[in-house]
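A.B. asks: Sharing a structure, written as structure tokens. Questions coming.
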Number of protein chains: 2
Amino acid sequence: MPPQTDIAETVGERTYRRIRSDIIFGRLAPGQRLRLERLSTQYDTSIATLRELLNRLLVEGLIVAEGQRGFEVTPVSAERWHEIAQMRELLECHALRQSFEHGDVEWEGRVVAAHHKLASLEKKLLAGERSETETWKRYDWEFHHALISCCGSRALLDAHAAIFDKYLRYQIIAVVFRGEAAAREHRELLDAALRRDWQSASAIMVRHIRDCVQHTLNSGALAS
Amino acid sequence: MPPQTDIAETVGERTYRRIRSDIIFGRLAPGQRLRLERLSTQYDTSIATLRELLNRLLVEGLIVAEGQRGFEVTPVSAERWHEIAQMRELLECHALRQSFEHGDVEWEGRVVAAHHKLASLEKKLLAGERSETETWKRYDWEFHHALISCCGSRALLDAHAAIFDKYLRYQIIAVVFRGEAAAREHRELLDAALRRDWQSASAIMVRHIRDCVQHTLNSGALAS
DNA sequence: TCAATCGTTAAAATCGAAAATATCAGACAA
DNA sequence: TTGTCTGATATTTTCGATTTTAACGATTGA
């Protein structure tokens, strides 16, 4: 029996995820030039393969290309940060309502499970334990994704996933941890979900997002 | 003086737009396999360059890749059609409101101009003149884009442009021309815009989109 | 001193071929 | 007949090298 590793894990795919993650988690800084040859040695891939995945990131908006002068990590700005946060509000609140209306018990189970994982990690973080940021953020995503997972629209879920990752990049750049407030809001979202109260959930979500934006702006990481 | 051709028109860029257009306008049919070598001769480009732009279309959702078994034009379905139409509703109605609230006289000018071009083309179409579909659709896009152009969010405009093109593909597949009804709705949208009446405009937009979906479904082009 | 031109160098865009992988037909056993 | 294995073929994935384009500095003329 072949080892149960991921099926069809090509070099391009692996490198794509690696670079994508490096951008989102700030290991490749905003505005940084991405020289092909340098990346080629750094990620141990050929130029052609690199260009393939760079073109993907280009469409995703995580990098920008200026004519034929190469690529660079998309710069950040306070203005853009607001736009992305508003996009997330729009998509997630809409999906929230659809999902609350269509969700079944199976869905409730996913939501409860995702919240449990996230809450226990947040508890550790509050206790001062410095955990893996990537794990924490993955759990955060899994919870928010679970909430909207029954919205019934693949197109909506895809659009949300795309904007969520950009949102995440800004969060990471500002090294944000809102601690108790965020954890409490997650708890409130869970409660609203089980009550199928999308109006309350939307209100909480808007607060959740806007406070996060304000928090990061106050941190001064985005001098605009 | 150098000819005023587009700056930096690389082979990849040109081929990208060509294939993209071929997909949206149905010259490459849904579900069609995209063999590299065949495309290579057909579009007179190397495999490597092709793969770059294929990866772009992949992220845009216009083509799909199944493991390492190559690419194919994204299939269509009635379900997906509804999702895309709803996405357009969500994004465009939201942008409409923002734009109506922020638009200045400059904006009004753009809207009036775009409507004028579209209306005169629709007049020709109604008179039986078979014009270029691509020109017609471009004018349609320009009008709808003008309406939301002052929404103040680049992120929103980008998301709208992406979903609009997918919407367009479905329209083309069903060879749809709703004639008078669509033209009248465009006129109503223009009037609402100048009144800054986003509530009416949203209602018209929803009708505009839903009728279009119904119309194409009735045509039977999407057997689901 | 400044502007424009030209040559040099660095980088990106493109290509053709090699390596890896999937598809398919036919043989063989149950 | 059905299902599984195996080898041949087709296709994709990856690479190294070539061609084209942009960036930079020096040189020249005003």
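A.B. asks: Within the set of pairs 6+ apart or on separate chains, which have a first residue in segment A:34-45 that is free of Cβ contacts under 8 Å to residues at least 60 places away in the same chain, a second that is assigned to a helix (DSSP H, G or I) and away from DNA strand D (no atom under 12 Å from the Cβ), and C-beta atoms under 8 Å apart?
C.D. replies: Listed pairs, sorted by first residue: A:LEU34/A:LEU54; A:LEU39/A:ILE19; A:TYR43/A:ARG18; A:TYR43/A:ILE19.
Every residue, every condition in (1) within 22 Å of the chain's Cα centre (by Cα); (2) within 16 Å of DNA strand C (Cβ to nearest atom), yes or no:
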position	(1), (2)
B:SER40	no, yes
B:ARG80	yes, no
B:GLN86	yes, no
B:LEU91	yes, no
B:GLU101	no, no
B:VAL105	no, no
B:VAL112	yes, no
B:SER120	yes, no
B:LYS124	yes, no
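A.B. asks: Here is a follow-up. Here are some residues: A:LEU53, A:LEU39. Which one is within 15 Å of DNA strand D (Cβ to nearest atom), in contact with a Phe, Trp or Tyr (Cβ under 6 Å, 6 or more places away or on another chain) and part of a helix (DSSP H, G or I)?
C.D. replies: Being within 15 Å of DNA strand D (Cβ to nearest atom), in contact with a Phe, Trp or Tyr (Cβ under 6 Å, 6 or more places away or on another chain) and part of a helix (DSSP H, G or I) holds for just one of A:LEU53, A:LEU39, which is A:LEU53.
A.B. asks: Got at least one residue in segment B:87-97 being among the aliphatic types (A, V, I, L, M) and more than 30 Å from B:LEU62 (Cα to Cα)?
C.D. replies: Here is the first cut: in segment B:87-97, the residues among the aliphatic types (A, V, I, L, M) are B:87, B:90-91, B:95-96.
Next, only the ones that are more than 30 Å from B:LEU62 (Cα to Cα) stay: none.
No - not one qualifying residue is present in segment B:87-97.
A.B. asks: Which is more than 17 Å from A:TRP81 (Cα to Cα) and of a type in the set (A, V, I, L, M), of A:ALA174, A:ALA155, A:ALA161?
C.D. replies: Of A:ALA174, A:ALA155, A:ALA161, the one residue that is more than 17 Å from A:TRP81 (Cα to Cα) and of a type in the set (A, V, I, L, M) is A:ALA155.
A.B. asks: Suppose we filter B:VAL64, B:VAL11 for residues that are closer than 24 Å to A:LEU50 by Cβ, of a type in the set (Val, Ile, Thr) and within 13 Å of DNA strand C (Cβ to nearest atom); which single one remains?
C.D. replies: One residue alone meets the criteria, B:VAL11.
A.B. asks: Looking only at residues in segment B:42-61 that are in contact with a Lys or Arg (Cβ under 9 Å, 6 or more places away or on another chain) and of a type in the set (Asp, Glu), which one is farthest from DNA strand C (Cβ to nearest atom)?
C.D. replies: It comes out as B:GLU60.
A.B. asks: For segment B:54-79, give me each residue that is of a type outside the set (Val, Ile, Thr), more than 7 Å from chain A (Cβ to nearest Cβ) and surrounded by 20 or more Cβ atoms within 10 Å (Cβ to Cβ).
C.D. replies: Result: B:LEU54, B:LEU57, B:LEU62, B:PHE71.
A.B. asks: Continuing with this model, one more query. Six or more apart or on different chains, Cβ under 6 Å: which pairs go from a residue in segment B:137-155 that's among the aromatic types (Phe, Trp, Tyr) to one that's assigned to a loop (DSSP other than H, G, I, E, B)? Could you list them?
C.D. replies: Close Cβ pairs (under 6 Å, with a partner that is assigned to a loop (DSSP other than H, G, I, E, B)) do not exist here.
Each value in this text was obtained by applying a stated rule to the coordinates, not by laboratory testing. What you see is a predicted model; the values in this text were computed from it and never measured. As a convention, Cβ positions derive from the backbone with ideal geometry for all residues, glycine included, and neighbour counts pool all protein chains shown.
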